[in-house]
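Trainee: Here it is: the structure, laid out below.
The values are calculated or read from the model by the stated rules, or taken from the named source; none is laboratory data. Just so it is clear, the model here is predicted, and its values are computed rather than measured. Here the Cβ positions follow ideal geometry from the backbone for every residue, glycine too, while neighbour counts run over all protein chains shown.
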């Protein structure tokens, strides 16, 4: 696996062997492998133009574990695109820090930052993708099922950034992905066209029929119905997504032993009930923990620690 010095802007940036190597590294780290301190005497900037809990804490903890210094920057401090242009922010960051993690609304701006910087840039969420979340989710699926390739995963919810990254992962990791959304909320055709599996690598099925999506599935995955920036649509979305709530009745109709995942934060009582997210089939909090291990694996690979011994 050769990620040293590279950006990670999307799951599709990874070859299948690179994704496998990254997950193997995360497994080794969880088992106690010491990656050393490849970030010693280095600083990593973290730009957060969206609220953050798991992303910020997991990245800051991982940077510190690798010997680095995280510098968190927020909207009011930089006002990117208002007070300073995206390109100017990138050029300045490149002179101050050794890498950048960006959680920002615009994928276009993320790519503008990456284009202005020679140092590595990591996508910690944009409107089009959430690759670090999906890498942690892939690790969780692999742990729970004993494999990743061929895993049958049903995403129930909006065709949003998380869904987009799952669609990319379907090809890279050879997943059987079903996307279940209300009419009008499916993933955009350009996303499907860019990531459409070929050469027998995985499959993506999009449907409005929850029963079709549940058939034979191994993992049910859901997300909030109303994402950041969509608050004015909340009541309409509650009505449209209501029949797609993941509740006890849905689990009764799903295959026995199905696992339930949610990328968090959860709007309990909307897309998922308390009984499901806190129930025995939920792996939501194992999934959340894996954000740290994948962030640690990604940073250590990009900044050049040794490979774990087999």
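Trainee: Collect the residues in the range 66-76 that are surrounded by fewer than 18 Cβ atoms within 10 Å (Cβ to Cβ) and in contact (Cβ under 8 Å) with a residue 60 or more places away in the chain, keeping them in residue-number order.
Mentor: none
Trainee: Take the conditions surrounded by 24 or more Cβ atoms within 10 Å (Cβ to Cβ) and modelled with pLDDT of 95 or more and apply them to residue 146. Does it pass?
Mentor: Against the criterion (surrounded by 24 or more Cβ atoms within 10 Å (Cβ to Cβ) and modelled with pLDDT of 95 or more), residue 146 does not qualify.
Trainee: Given the conditions (1) outside any helix (DSSP H, G or I); (2) surrounded by fewer than 18 Cβ atoms within 10 Å (Cβ to Cβ); (3) out of contact with any helix residue (DSSP H, G or I) (no Cβ under 7 Å at 6 or more places or on another chain), which single one is not true for residue 193?
Mentor: (1)
Trainee: Look through 45, 10 and report the one residue that is surrounded by 19 or more Cβ atoms within 10 Å (Cβ to Cβ), without any contact (Cβ under 8 Å) to a residue 60 or more places away in the chain and in contact with a strand residue (DSSP E or B) (Cβ under 9 Å, 6 or more places away or on another chain). Explain how you work it out, then say what you get.
Mentor: Working: 10 fails: without any contact (Cβ under 8 Å) to a residue 60 or more places away in the chain.
Just a single option satisfies the conditions, and that option is 45.
Trainee: Which of the helices (runs of 4 or more DSSP H) found entirely inside the range 54-157 contain at least 3 residues meeting this: closer than 30 Å to residue 174 by Cα?
Mentor: Working: elements: 54-65, 75-78, 86-96, 107-116, 131-145.
The helices (runs of 4 or more DSSP H) meeting that bar are 54-65, 107-116, 131-145.
Trainee: Now for a separate question. Modelled with pLDDT of 95 or more and buried (at least 19 other Cβ atoms within 10 Å of the Cβ): is that true of residue 242 in this structure? Spell out how you get there, then give the answer.
Mentor: Numbers: modelled with pLDDT of 95 or more: yes; buried (at least 19 other Cβ atoms within 10 Å of the Cβ): no.
Judged against the criteria, residue 242 is not a match.
Trainee: Okay, next question. Report yes if some residue within the range 16-38 is more than 30 Å from residue 266 (Cα to Cα) and in a strand (DSSP E or B); otherwise report no. Quick ask: steps written out before the conclusion?
Mentor: Here is the first cut: in the range 16-38, the residues more than 30 Å from residue 266 (Cα to Cα) are 16-18, 21, 32-38.
Subset that is in a strand (DSSP E or B): none.
No, there is no match, as no residue in the range 16-38 is more than 30 Å from residue 266 (Cα to Cα) and in a strand (DSSP E or B).
Trainee: Moving on to the next point. Take the residues in the range 166-186 that are touching a strand residue (DSSP E or B) at 6+ places or on another chain (Cβ under 9 Å) and in a helix (DSSP H, G or I); name whichever of them is farthest from residue 247 (Cα to Cα).
Mentor: So the residue we want is 171.
Trainee: Turning to a different aspect of this structure: Kindly indicate whether residue 116 is closer than 21 Å to residue 5 by Cβ, touching a helix residue (DSSP H, G or I) at 6+ places or on another chain (Cβ under 8 Å) and buried (at least 20 other Cβ atoms within 10 Å of the Cβ). Please lay out each step first, then the result.
Mentor: Numbers: closer than 21 Å to residue 5 by Cβ: yes; touching a helix residue (DSSP H, G or I) at 6+ places or on another chain (Cβ under 8 Å): yes; buried (at least 20 other Cβ atoms within 10 Å of the Cβ): no.
Judged against the criteria, residue 116 is not a match.
Trainee: Follow-up. Only one of these is under 19 Å from residue 72 (Cβ atoms) and assigned by TED's automatic domain parsing to the domain that holds residue 49: 118, 99, 112. Name it.
Mentor: From the options 118, 99, 112, the qualifying one is 99.
Trainee: Among the candidates 305, 300, 282, 249, which residue alone is without any contact (Cβ under 8 Å) to a residue 40 or more places away in the chain and surrounded by 14 or more Cβ atoms within 10 Å (Cβ to Cβ)? Even if it seems obvious, please write down each step before you answer.
Mentor: Values: 305 fails: without any contact (Cβ under 8 Å) to a residue 40 or more places away in the chain; 300 fails: without any contact (Cβ under 8 Å) to a residue 40 or more places away in the chain; 249 fails: surrounded by 14 or more Cβ atoms within 10 Å (Cβ to Cβ).
Answer to the check: 282.
Trainee: Inside the range 160-182, can you point out the residues that are closer than 21 Å to residue 272 by Cβ and either outside the structural domain of residue 259 (by TED's automatic domain parsing) or without any contact (Cβ under 8 Å) to a residue 40 or more places away in the chain (or both)?
Mentor: 164, 177, 178, 179 - these are the residues of the range 160-182 that are closer than 21 Å to residue 272 by Cβ and either outside the structural domain of residue 259 (by TED's automatic domain parsing) or without any contact (Cβ under 8 Å) to a residue 40 or more places away in the chain (or both).
Trainee: Being on the phi < 0 side of the Ramachandran plot and over 18 Å from the mean Cα position of the chain (by Cα) is the filter; apply it to the range 13-32 and report the residue that is surrounded by the fewest Cβ atoms within 10 Å (Cβ to Cβ). Before you say what the answer is, go through the steps one by one.
Mentor: As a first pass, look at the range 13-32 and keep what is on the phi < 0 side of the Ramachandran plot: 13-31.
Pick out the ones that are also over 18 Å from the mean Cα position of the chain (by Cα) and you get 17, 28-31.
Numbers: 17: 11, 28: 18, 29: 20, 30: 16, 31: 8.
Going through the qualifying residues, I end up with 31.
Trainee: Anything in the range 265-279 that is in contact (Cβ under 8 Å) with a residue 12 or more places away in the chain and assigned to a loop (DSSP other than H, G, I, E, B)? List them, or say none.
Mentor: Kept after step one, since they are in contact (Cβ under 8 Å) with a residue 12 or more places away in the chain, are these residues of the range 265-279: 265-267, 270-273, 275-277, 279.
Across the range 265-279, the qualifying residues are 265, 266, 267, 270, 271, 273, 279.
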